[in-house]
Amino acid sequence: WLIGVDNDWAVTFPEFAAIILTSIEKRFDVSVVQVSRAIMGDTFTGGIHIGTLKTGEVGLSPFHNLDALVSAQVRADLEQIMAGIIAGTIKTRP
């Protein structure tokens, strides 16, 4: 099984959807909307910005064709892991 990165590979490469488990997405569309709102609201400060699960700027793609292979336990574990990352109890950086 493959896990894509940056965008939903099952959508980008539908010819390989049968072997793509999921993808880790960078949601630049969400980032652009947030920046646009900050500019319009005169709160834009510039500088380095890191998208997060909490802001919705990164995330996990659907399992698409392989959805039936992903158990309820794995889904629950993934939700718990993502919640822990958002809460800061699971660190993603040293």
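The values are calculated or read from the model by the stated rules, or taken from the named source; none is laboratory data. Keep in mind it's a predicted model, so treat the numbers as computed, not measured. Neighbour counts are summed over all protein chains in view; Cβ atoms, including those assigned to glycine, are modelled from backbone coordinates with ideal geometry. Protein only, heavy atoms only, side chains kept; ligands, DNA and RNA dropped before computing areas. Shrake-Rupley method; radii C 1.70, N 1.55, O 1.52, S 1.80 Å.
Tell me which residues, restricted to the range 4-37, are of a type in the set (Ser, Thr, Tyr), under 30 Å from Ala68 (Cα atoms) and part of a helix (DSSP H, G or I). Residue satisfying the conditions is Thr12 alone. Within the range 38-52, is even one residue loosely packed, with under 13 Cβ neighbours inside 10 Å and either touching a Lys or Arg at 6+ places or on another chain (Cβ under 7 Å) or part of a helix (DSSP H, G or I) (or both)? Within the range 38-52, one or more residues are loosely packed, with under 13 Cβ neighbours inside 10 Å and either touching a Lys or Arg at 6+ places or on another chain (Cβ under 7 Å) or part of a helix (DSSP H, G or I) (or both).
Of the residues Val5, Val11, Val32, Val58, which single one is open to solvent by less than 70 Å² (accessible area, probe 1.4 Å) and either free of Cβ contacts under 8 Å to residues at least 40 places away in the same chain or out of contact with any Cys (no Cβ under 7 Å at 6 or more places or on another chain) (or both)?
After ruling out the rest, the residue left standing is Val58.
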